[in-house]
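A short worksheet on the structure shown next.
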Amino acid sequence: YTLKACVQTESPVSKIEIYVNDVMQTQQRGFEVVPDDGCDQTIEKQVKLKQGTNIIKLSVTNKGGVTQAEV
C-alpha cells in the first residue's frame with residue numbers, strides 16, 4: 001500500500017515515524033522539505049498491510065512538538 005500524506009508546518013520537520021498495527025515501519029531524519037500541492041512536506045512511503053483491518057499511524061516531529069494522525 002502506498003501511504004501519501006501532506007504535512008503543513010511553519011518550522012522544519014525533524015522526524016517522521018510510520019506505524020502499521022503499532023509496529024514501526026520507517027523512521028526518517030534529515031530529509032529535504034519539498035513543497036507539493038500546497039503541502040510544506042509530502043510523505044510517500046510503501047507499507048505492508050495484513051489481510052483484514054489495519055491501523056496506520058503517522059507521527060511528525062518539529063520544534064513545536066509531535067503531531068500524530070491515525071487512519
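The values are calculated or read from the model by the stated rules, or taken from the named source; none is laboratory data. Predicted model only: the values in this text are computed from it and were never measured. A quick note on method: Cβ atoms are made from the backbone with ideal geometry, for glycine too, and the neighbour counts reach across all protein chains shown. Quick note on the areas: whole protein, heavy atoms, side chains included, nothing else; ligands and nucleic acids left out. Shrake-Rupley method; radii C 1.70, N 1.55, O 1.52, S 1.80 Å.
Please go through region 35-62 and pick out each residue that is part of a loop (DSSP other than H, G, I, E, B) and at pLDDT 90 or above.
Selection gives 49, 50, 51, 52, 53, 54, 55.
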* How many residues are under 17 Å from residue 67 (Cα atoms), at pLDDT 85 or above and open to solvent by 60 Å² or more (accessible area, probe 1.4 Å) if we restrict to region 9-34? -> 2
* Asked: Pairs under 6 Å by beta carbon, first residue among the basic types (Lys, Arg) in region 11-27, partner not in a strand (DSSP E or B), six or more apart or different chains?
  -> 15/29
* Output for region 55-71, where each listed residue is in contact with a strand residue (DSSP E or B) (Cβ under 9 Å, 6 or more places away or on another chain), touching a residue at least 40 places away in the same chain (Cβ under 8 Å) and not charged (D, E, K, R) -> 56, 58, 59, 60, 61, 62, 69
